[in-house]
Amino acid sequence: MSFRTRFLTLIVVAVAVLAAVVAAASAADQVIWSNSGNGTISFSALDGSSGGTLTPPGNAPISEPLGLALDSTTGQLYWANSPANGTGAIGFSTLNGTSGGALAIPGTTPLDHPGGIAIDAATRRLYWSNLSDTIAFASLGGADSGLFKPPGATEVAPLGIIVDSLHQRTYWVNRGDVLSSPSIWFADANGSSQLNLPAGAPLSSPRGIAIDPVVQRIYWANINENTIGFADLNGPDTGTLPISPGTTIAHPFGVAIDLVAGRIYWANLDGSVAFESLDGRAGGTLTLPQGAVYSNPAFPLLVVVPVSVAPPELTGGTSAGSQLTCSSGTWAPDVTEALYYRAPQGFSYQWSLNGTDIFGATQSTYTASAGGDYRCRVTARNGAGATAQTTNAYTVSGPPPPVGGSNGGGANGGGNGDATPPLLSAATLSRAGFRAGTGRGHGAVLRLTSSEAARLSIAIERVRPGRKVKTGGRAVCRTVARAVRRGRCTLYVRVTTLTRLIGAGKKSVVLTGLVGRRRLAPGAYRLTITARDASGNASKPVRVAFTILKG
């Protein structure tokens with residue numbers, strides 16, 4: 001199949017990815033891999049522009065990790081720990097490291113140096129392969145566990161397992177041993193069957209498998225032969241993927257398929273992540289971004305920002321006072337058999353009237369307080385980032401919003417003649433100095449009191465030394481680099497601004513010292529906090545100093 005034919009097929013079959021115009025940061029699309037050499041999990045943008053290393057919480061075990069799987073429902077990343085001095089464990093964490101833990105496995109189900117893992121989103125089960133020639137499972141809720149032993153199936157040194165959600169099949173690859181050749185098996189509701197690979201299929205020392213569901217082709221990494229093998233699931237074609245000159249393939253360990261770009265990724269145990277187009281015409285080796293590491297990398301998977309298939313829709317009455325409802329839209333699902341994850345894990349809403357956002361209107365329903373054109377912007381989020389999609393205009397008849405108002409009152413906005421600004425008081429930090437991050441001893445809690453519901457703006461400013469410079473007849477503070485020999489002064493350089501919607505009374509805001517996944521540099525900072533109510537009245541700023549500590 002030519003690349004053009006394949007691309008057209010992707011547009012039609014793979015949920016018409018290009019049919020919707022969305023606001024998405026494609027640079028957030030990521031490849032994630034395990035590092036068994038140093039006990040870490042790293043990630044990189046697919047273009048190599050950014051990346052880092054996962055920082056799971058302290059209660060999430062991580063030691064010589066191998067297989068990775070993402071839970072489509074919660075967005076939690078799971079990994080199989082296979083330490084040489086122990087039997088193993090399954091750890092999990094959100095991709096931003098804010099929560100996690102260890103999978104509870106009831107009973108005596110073996111965790112014997114687990115390798116590959118996979119999650120069946122339909123049954124909420126996690127499967128893993130064991131060194132002891134077994135495949136086991138445990139429910140993600142911890143209710144049950146046991147051995148996965150379909151009738152007549154062979155499990156000999158399995159290392160690579162995937163779940164085909166659409167066809168409800170579980171595939172695994174057997175590395176084989178001196179008495180048994182490598183093989184690929186699957187099990188469905190009708191039992192189990194060895195995959196009938198075409199004659200001459202190059203299945204040798206396989207590590208990891210993935211399926212391209214568009215053309216029904218299965219791929220695997222041959223670690224000793226330094227090849228990526230493939231075979232049609234329903235046809236005679238088989239062979240090894242051509243690798244472009246300059247693309248590294250050195251003991252490949254696990255594969256994942258980018259269905260939109262038409263690429264396959266693999267982790268080289270020798271220390272890199274590489275990719276090749278599925279037609280074998282264009283490949284490359286990923287540029288390792290700062291913060292990410294290679295240490296016996298293995299089992300890559302892909303996480304991309306949510307992809308809109310159909311925009312959200314508005315329904316409801318057409319006169320002022322009617323309740324309007326905003327759907328979440330339709331979003332492309334994960335393709336677990338390709339190790340390609342894109343499903344949203346959550347949604348947020350923002351209503352607008354005549355092109356202006358309505359303050360506080362952030363639920364899926366809204367009562368139209370005036371006539372005009374309403375829209376709802378839905379933002380879908382997952383571990384890679386966010387994508388926003390907006391409804392078409394929905395016209396409501398009635399008087400327009402009052403001039404100078406904020407598109408309604410109360411929970412639906414302002415416009416009630418209120419001229420009293422919010423009052424912020426008792427602003428304190430739980431720690432005056434803290435380390436950036438989410439683990440124990442990191443971060444701090446900002447506590448304050450607001451006289452009314454408001455949108456809170458928290459500007460984080462870096463404290464820098466400066467020099468006074470005379471400009472236009474007055475002295476101003478400039479950076480040291482631009483200064484002349486005058487008196488010293490202090491600069492406050494804005495790093496980022498956080499916003500929160502708060503109610504009246506005592507409130508708490510968690511500060512991690514992270515800007516995205518980047519940690520604030522050690523040094524002196526201050527918070528400048530203001531609040532704006534539904535009528536647009538702004539409070540006087542409140543300032544709190546703090547220090548980011550090293551470590």
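The values are calculated or read from the model by the stated rules, or taken from the named source; none is laboratory data. Everything numeric here is computed off the predicted structure, so don't read it as measured data. For neighbour counting, all protein chains shown are included, and Cβ atoms are generated from backbone atoms with ideal geometry for every residue, glycine included.
Only one of (1) touching a helix residue (DSSP H, G or I) at 6+ places or on another chain (Cβ under 9 Å); (2) surrounded by fewer than 19 Cβ atoms within 10 Å (Cβ to Cβ); (3) at pLDDT 90 or above is not met by Asp112, so which one is it?
Single failed check for Asp112: (1).
Could you count how many residues in the range 116-133 are under 23 Å from the mean Cα position of the chain (by Cα) and either of a type in the set (Gly, Ala, Ser) or outside the structural domain of Thr154 (by TED's automatic domain parsing) (or both)?
Restricting attention to the range 116-133, the residues satisfying the condition of being under 23 Å from the mean Cα position of the chain (by Cα) are 116-128.
Next cut, either of a type in the set (Gly, Ala, Ser) or outside the structural domain of Thr154 (by TED's automatic domain parsing) (or both) only: 116, 118, 121-122.
Within the range 116-133, residues that are under 23 Å from the mean Cα position of the chain (by Cα) and either of a type in the set (Gly, Ala, Ser) or outside the structural domain of Thr154 (by TED's automatic domain parsing) (or both) number 4.
Could you look through the range 426-469, keep only residues that are touching a residue at least 60 places away in the same chain (Cβ under 8 Å) and of a type in the set (Ser, Thr, Tyr), and pick out the one that is surrounded by the most Cβ atoms within 10 Å (Cβ to Cβ)?
Ser450
What strands (runs of 3 or more DSSP E) lie completely within the range 270-362 and have 2 or more residues being in contact with a His (Cβ under 6 Å, 6 or more places away or on another chain) and crowded, with 17+ Cβ neighbours inside 10 Å? Give the steps one after another, and end with the answer.
Details: elements: 272-277, 283-285, 297-303, 308-310, 314-316, 323-326, 346-353.
Once the strands (runs of 3 or more DSSP E) in the range 270-362 are filtered for at least 2 residues that are in contact with a His (Cβ under 6 Å, 6 or more places away or on another chain) and crowded, with 17+ Cβ neighbours inside 10 Å, nothing remains.
Can you report the number of residues in the range 418-463 which are closer than 24 Å to Thr98 by Cα and outside any strand (DSSP E or B)?
Of the residues in the range 418-463, 10 are closer than 24 Å to Thr98 by Cα and outside any strand (DSSP E or B).
I'm told Leu501 meets every condition in (1) under 30 Å from Ser93 (Cβ atoms); (2) modelled with pLDDT under 85; (3) surrounded by 13 or more Cβ atoms within 10 Å (Cβ to Cβ); (4) hydrophobic (A, V, I, L, M, F, W, C) except one. Can you identify the failing condition by its number?
So Leu501 meets the others, but not (3).
Would you check if Asn85 is more than 30 Å from Phe186 (Cβ to Cβ), free of Cβ contacts under 8 Å to residues at least 12 places away in the same chain and either among the polar types (S, T, N, Q) or buried (at least 17 other Cβ atoms within 10 Å of the Cβ) (or both)?
On the way: more than 30 Å from Phe186 (Cβ to Cβ): yes; free of Cβ contacts under 8 Å to residues at least 12 places away in the same chain: yes; either among the polar types (S, T, N, Q) or buried (at least 17 other Cβ atoms within 10 Å of the Cβ) (or both): yes.
Here the answer is yes, as Asn85 does meet what is asked.
So, Arg217, is that one among the charged types (D, E, K, R), under 27 Å from Asp334 (Cα atoms) and within 27 Å of the chain's Cα centre (by Cα) or not? Working first, answer last.
Values: among the charged types (D, E, K, R): yes; under 27 Å from Asp334 (Cα atoms): yes; within 27 Å of the chain's Cα centre (by Cα): yes.
Here the answer is yes, as Arg217 does meet what is asked.
Residues of the range 51-70 being buried (at least 20 other Cβ atoms within 10 Å of the Cβ) and more than 25 Å from Leu288 (Cβ to Cβ), which ones?
Once the filter is applied, which keeps residues that are buried (at least 20 other Cβ atoms within 10 Å of the Cβ) and more than 25 Å from Leu288 (Cβ to Cβ), the range 51-70 yields only Pro61.
Which residues, counting only those in the range 513-549, are outside any strand (DSSP E or B), more than 22 Å from Ser451 (Cβ to Cβ) and modelled with pLDDT of 90 or more? Lay out the reasoning, then the answer.
Let us first name the residues in the range 513-549 that are outside any strand (DSSP E or B), namely 513, 516-517, 520-522, 533-537, 539-541, 549.
Checking the rest, the ones that are also more than 22 Å from Ser451 (Cβ to Cβ) come to 513, 516-517, 520-522, 549.
Across the range 513-549, the qualifying residues are Gly513, Leu520, Ala521, Pro522, Leu549.
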